[in-house]
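Working notes, structure below.
The values are calculated or read from the model by the stated rules, or taken from the named source; none is laboratory data. Keep in mind that what you see is a predicted model, and the values were worked out from it rather than measured. Glycine gets a Cβ as well: all are built from the backbone with ideal geometry, and neighbour counts include every protein chain shown. For the accessible areas, the whole protein counts, side chains as well, though only heavy atoms, and no ligand, DNA or RNA atoms are used. Shrake-Rupley method; radii C 1.70, N 1.55, O 1.52, S 1.80 Å.
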Amino acid sequence: MPLTDTLDFGPGLDVAARSCAGAGPPPLPENQDNLLLIDGNGRAAFLLDQRQQNRQVSGWPAGQVRIAVLDGMGGHGHGRQAAEAVVQGLLLVPACATLEQLAERLDALHQTLQARFAAMDGAQAKRPGTTLTLLELRPGQAPLLYHVGDSRLYEITARQATPLTIDHVPATTFALHGLLGEAEWWQQVHGEHRPQISQAFILGNAISDPQVLAGPLYALADANLPPFLRQLGDRRALTVRADALYLLASDGFWACARPDRWVARWPALLAGLDAAGALDALFDSFLDNPPAGLHVDNLSALALRFRPQRPARNLDETALPGEARPRAT
């Protein structure tokens, strides 16, 4: 289902979003993913009970945009409800002007919802969780990223699809402790399908202490990342390119035997298309011809292009200031 029909992102942004239960024959699983979009007029679109809802956010500053992809963890129970609760919380989080403000407010939301779900389900219950990959788009400034879990943000050009986020999975925990090198990490995270997770919103983290999955979120940053993952921290300002497509997606899109081979097709499949056309091509290709070894999972994606707002002769490859670019898979 497209979510952007009622939204207006202005001339500088091209945005499209779509979510479905998955690929394969029925019966398909419950769609526990969610999407949130708040346009520059404060008009929001999201999912509730697997159906699109709209709401006007009061006091939203003109021109600010918030977009997010969430993947509720069904294996821990109440995955859809966890993702919905985070979306409802994000609708109440005021627009953020700085990275510090964004991190502080979202960390506080995590703690509030963690306590709420613990009280609802009892101390012995398996606490639910959800991924959260969010961009806060401030007018005329670098986008701010906040990332938890194993959903991803990709930058896609005509030449390559580059991940701009790090999966919070056991392989990453091993790499942080010096137990995995670069080649092994890339193979386990991007060359194989491993459904385990080491951190999720509401659920907590097993990165700081692999024996316990709970507590506050553990932010990956240059100070604690191995050299080959530096500049891919969870909370940072981004460099964005005027010639690139940005894709926020849940992990159903690479839950297959050789995800690196499937992702390597994205530049030819998606580059040059507008946001809506790119999502149509992505979903149609995946649903009509699923990659080998597919593990059926929910599919949610949000595509974004930054439209130049000044003459082309004055444009560099980057539209906004931010971080250095990481390597491609």
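Condition (residue is closer than 19 Å to Cys96 by Cα, surrounded by 14 or more Cβ atoms within 10 Å (Cβ to Cβ) and touching a strand residue (DSSP E or B) at 6+ places or on another chain (Cβ under 6 Å)) applied to the range 12-19: is it met by at least one residue?
Within the range 12-19, none of the residues are closer than 19 Å to Cys96 by Cα, surrounded by 14 or more Cβ atoms within 10 Å (Cβ to Cβ) and touching a strand residue (DSSP E or B) at 6+ places or on another chain (Cβ under 6 Å).
Looking at this structure, is Leu225 closer than 25 Å to Asp14 by Cβ and open to solvent by less than 10 Å² (accessible area, probe 1.4 Å)?
Values: closer than 25 Å to Asp14 by Cβ: no; open to solvent by less than 10 Å² (accessible area, probe 1.4 Å): yes.
Answer is no for this residue.
How many residues are part of a loop (DSSP other than H, G, I, E, B) and either polar (S, T, N, Q) or modelled with pLDDT of 95 or more (or both) if we restrict to the range 14-45? I'd like the intermediate steps shown before the answer.
Step one: list which residues in the range 14-45 are part of a loop (DSSP other than H, G, I, E, B), which gives 21-32, 39-42.
Of the ones still in play, those that are also either polar (S, T, N, Q) or modelled with pLDDT of 95 or more (or both) are 31-32, 39-42.
Within the range 14-45, residues that are part of a loop (DSSP other than H, G, I, E, B) and either polar (S, T, N, Q) or modelled with pLDDT of 95 or more (or both) number 6.
Taking the options Leu248, Leu302, Leu282, name whichever one is closer than 23 Å to Gln32 by Cβ, without any contact (Cβ under 8 Å) to a residue 40 or more places away in the chain and buried (at least 21 other Cβ atoms within 10 Å of the Cβ). Let's see the steps before the verdict.
Details: Leu248 fails: without any contact (Cβ under 8 Å) to a residue 40 or more places away in the chain; Leu302 fails: without any contact (Cβ under 8 Å) to a residue 40 or more places away in the chain.
So the residue among Leu248, Leu302, Leu282 that is closer than 23 Å to Gln32 by Cβ, without any contact (Cβ under 8 Å) to a residue 40 or more places away in the chain and buried (at least 21 other Cβ atoms within 10 Å of the Cβ) is Leu282.
Scanning the range 140-163 for residues that are of a type in the set (A, V, I, L, M, F, W, C) and more than 12 Å from the chain's Cα centre (by Cα), which turns out farthest from Leu238 (Cα to Cα)?
Restricting attention to the range 140-163, the residues satisfying the condition of being of a type in the set (A, V, I, L, M, F, W, C) are 142, 144-145, 148, 153, 156, 158, 161.
Next, only the ones that are more than 12 Å from the chain's Cα centre (by Cα) stay: 142, 144, 156, 158, 161.
Values: Ala142: 6, Leu144: 6, Ile156: 14, Ala158: 20, Ala161: 16 Å.
Checking each candidate, the answer is Ala158.
Spot the failing condition for Gly191; the list is (1) buried (at least 20 other Cβ atoms within 10 Å of the Cβ); (2) under 26 Å from Asn298 (Cβ atoms), and only one is missed.
(1)
Does Leu48 fit the bill of being open to solvent by 10 Å² or more (accessible area, probe 1.4 Å), free of Cβ contacts under 8 Å to residues at least 60 places away in the same chain, closer than 18 Å to Ala301 by Cβ and among the hydrophobic types (A, V, I, L, M, F, W, C)? Can you show your working first?
On the way: open to solvent by 10 Å² or more (accessible area, probe 1.4 Å): yes; free of Cβ contacts under 8 Å to residues at least 60 places away in the same chain: yes; closer than 18 Å to Ala301 by Cβ: no; among the hydrophobic types (A, V, I, L, M, F, W, C): yes.
No: the conditions fail for Leu48.
Here is a check on your reading of the model: is Asp71 of a type in the set (Asp, Glu), touching a strand residue (DSSP E or B) at 6+ places or on another chain (Cβ under 6 Å) and under 18 Å from Val296 (Cβ atoms)? I'd like the intermediate steps shown before the answer.
Numbers: of a type in the set (Asp, Glu): yes; touching a strand residue (DSSP E or B) at 6+ places or on another chain (Cβ under 6 Å): yes; under 18 Å from Val296 (Cβ atoms): yes.
Spelling it out, Asp71 is indeed of a type in the set (Asp, Glu), touching a strand residue (DSSP E or B) at 6+ places or on another chain (Cβ under 6 Å) and under 18 Å from Val296 (Cβ atoms).
Name the helices (runs of 4 or more DSSP H) wholly within the range 173-292 that hold at least 1 residues that are of a type in the set (Asp, Glu)?
Values: elements: 182-190, 259-263, 266-270, 275-288.
The helices (runs of 4 or more DSSP H) meeting that bar are 182-190, 259-263, 275-288.
What residue, among those in the range 228-245 that are farther than 21 Å from Glu192 by Cβ and out of contact with any strand residue (DSSP E or B) (no Cβ under 7 Å at 6 or more places or on another chain), is surrounded by the most Cβ atoms within 10 Å (Cβ to Cβ)? Don't jump to the end; show me each part of the working.
Within the range 228-245, the subset farther than 21 Å from Glu192 by Cβ is 230-231, 233-245.
Right, trim to out of contact with any strand residue (DSSP E or B) (no Cβ under 7 Å at 6 or more places or on another chain) and you get 230-231, 233, 243.
On the way: Arg230: 16, Gln231: 16, Gly233: 19, Asp243: 15.
Ranking the candidates gives Gly233 first.
Sort out which residues of the range 211-221 are open to solvent by 20 Å² or more (accessible area, probe 1.4 Å) and out of contact with any helix residue (DSSP H, G or I) (no Cβ under 6 Å at 6 or more places or on another chain), and write them in order of number. Walk me through how you get there before you give the answer.
Going residue by residue through the range 211-221, those that are open to solvent by 20 Å² or more (accessible area, probe 1.4 Å) are 211-219, 221.
Matches in the range 211-221: Gln211, Val212, Leu213, Ala214, Gly215, Pro216, Tyr218, Ala219, Ala221.
Is there any pair with a first residue in the range 97-113 that is more than 16 Å from Pro216 (Cα to Cα) and a second that is at pLDDT 95 or above and hydroxyl-bearing (Ser, Thr, Tyr) whose Cβ atoms are under 9 Å apart and which are 6 or more apart or on different chains, and what are they?
Once the first residue is more than 16 Å from Pro216 (Cα to Cα) and sits in the range 97-113, its partners that are at pLDDT 95 or above and hydroxyl-bearing (Ser, Thr, Tyr) give Leu99/Tyr146.
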